[in-house]
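Below is one structure, written out as structure tokens, with a few remarks after it.
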Amino acid sequence: MMKMRNLSTLIIHTLLACLPSLAVGETFSVATLNVDGLPLQVMSVDVNPDGPGSDGTKLISQYLAAKNYDMVFFQEDFNYHDELTTSLADGYTFDVHSGDISIDPDNFDMSMLLTIRFECDGLGACLKNKHALNSMQRTAWTDYYGRLDHAWDGIVTKGFRRYEVTLHEGTQIVVYNMHMDASDASDEASGNDEGDRLARQSQWTQLVNELKDHLDDDRPIIVLGDMNSYYSRDNIEEVFVLPIEATGKATVTDVWKEMGSDSETLDKIFCINPVNGVKLQPTAFSIDKDGYHDGGKPLGDHYPLAATFEVKDSKTLTILPPEDIHNHETTYFSITGQRIAHPRKGLYISKGRKIMIK
């Protein structure tokens with residue numbers, strides 16, 4: 001009996017010695033950036049004449065490659081996706097691009113403006129190849145406001161994407177990337193932005209409900225993107241932070257409030273740490289207002305937000321098999337349940353969520 005106990009102890013210690021060095025001390029960086037990728041023109045009509053366009057987006061790609069972030073999450077990645085990948089293609093894995101904003105003039109009439117809605121969400125991500133993008137789920141906002149006014153939010157299918165990621169040293173995290181309803185400056189100045197604010201409040205609530213559904217798995221969560229929200233007008237504390245912390249399962253940190261020195265921006269990076277399990281500690285935060293320029297002009301209408309995190313606790317870490325850790329493919333299924341390795345166009349199901357690839 002004593003020999004069996006000693007043998008069991010030896011086996012356990014041997015297995016522990018063979019495990020990779022997980023979690024504790026691992027650091028990684030993330031950035032969120034609205035790349036201002038709306039087309040300059042649609043059918044000869046100026047849509048975004050001050051945007052970066054093709055040449056400017058190539059400069060954005062060069063900028064991001066020089067910054068060497070571990071992960072970058074995009075919003076408004078519409079018509080210049082190929083240009084965005086030019087300097088990042090070799091070192092990074094990209095998720096699925098949902099399409100651009102374009103109209104065929106031969107199959108268009110003005111009545112289409114009343115119903116047209118592009119299926120693209122403008123969201124995207126790239127991760128250094130040493131990290132694994134295990135899955136991506138895309139969800140549209142239930143509520144939005146405005147079609148041909150109020151920042152035209154109903155023209156595209158805004159929402160959020162949920163990513164399950166395994167970091168280089170084995171830590172598993174979840175990242176949510178989103179783009180919420182915008183407000184026109186003129187509507188805000190005139191007090192005519194109530195519909196926009198209500199839409200964002202609904203979107204915050206939809207996000208909270210989504211997060212609550214996953215808090216039991218004890219993986220840390222990063223929530224980032226272009227929220228088009230300020231604490232002073234959008235009740236972020238009441239509609240987002242407090243409902244999550246009220247579950248008793250997690251704490252919420254706004255990295256800007258924790259570490260930032262610049263003024264608040266419409267873009268945010270939050271860290272949600274489970275009470276049990278791996279925890280992420282923000283160690284750096286920046287809003288790059290100095291470097292994101294060309295010839296004195298900003299490359300886009302948003303500045304990059306970046307944060308660095310350190311893994312602080314690994315007591316409930318789940319270890320993925322090596323084949324899962326190194327799998328960079330997102331798993332998609334057709335409506336009939338068939339696995340699709342590389343979807344292009346149409347409606348797909350990913351982990352039970354509908355995804356339209358245009």
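The values are calculated or read from the model by the stated rules, or taken from the named source; none is laboratory data. All values derive from a computational prediction rather than experimental measurement. In this analysis, Cβ positions are derived from the backbone assuming ideal geometry, glycine residues included, and neighbour counts consider all displayed protein chains. These accessible areas exclude ligands, DNA and RNA; they are computed on the full protein's heavy atoms, side chains included. Shrake-Rupley method; radii C 1.70, N 1.55, O 1.52, S 1.80 Å.
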Per the Kirkwood definition applied to all pairs of different Cα atoms, how many angstroms is the hydrodynamic radius of the range 131-173? 12.5 Å
Report Rg (one decimal) and Dmax (nearest whole number) for the range 77-213, counting Cα atoms only, units Å. 17.5, 54
Cut-off 12 Å (backbone N to label point 7 Å along Cα→Cβ of Arg233), residues of the range 164-201: 182-198, 200
For the range 248-295 and the range 198-217, what is the separation of their Cα centres, given in Å? 19 Å
Given the convex hull over the Cα atoms of the range 234-302, what projected area results after averaging over all orientations, in nm²? 5.9 nm²
The range 229-272: radius of gyration over Cα atoms, expressed as a fraction of 2.2 N^0.38 Å: 1.17
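Show me the ranking of peptides 280-292, 25-37, 92-104 by mean Cβ neighbours inside 10 Å, starting with the highest.
Values: 280-292: 16.3, 25-37: 22.3, 92-104: 18.2.
The packing order, highest mean first, is 25-37, 92-104, 280-292.
Based on the inverse mean of 1/r over its pairs of different Cα atoms, what is the Kirkwood hydrodynamic radius of the range 148-219, in Å?
On the way: mean 1/r = 0.0694 Å⁻¹.
Mean inverse Cα-Cα distance, inverted, gives 14.4 Å.
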Hey, could you pull the Cα Rg and Dmax for the range 141-269, both in Å? 15.5, 52
Probe 1.4 Å, heavy atoms of protein chains only: per residue, the accessible area of the range 130-261 in Å² is 37 Å²
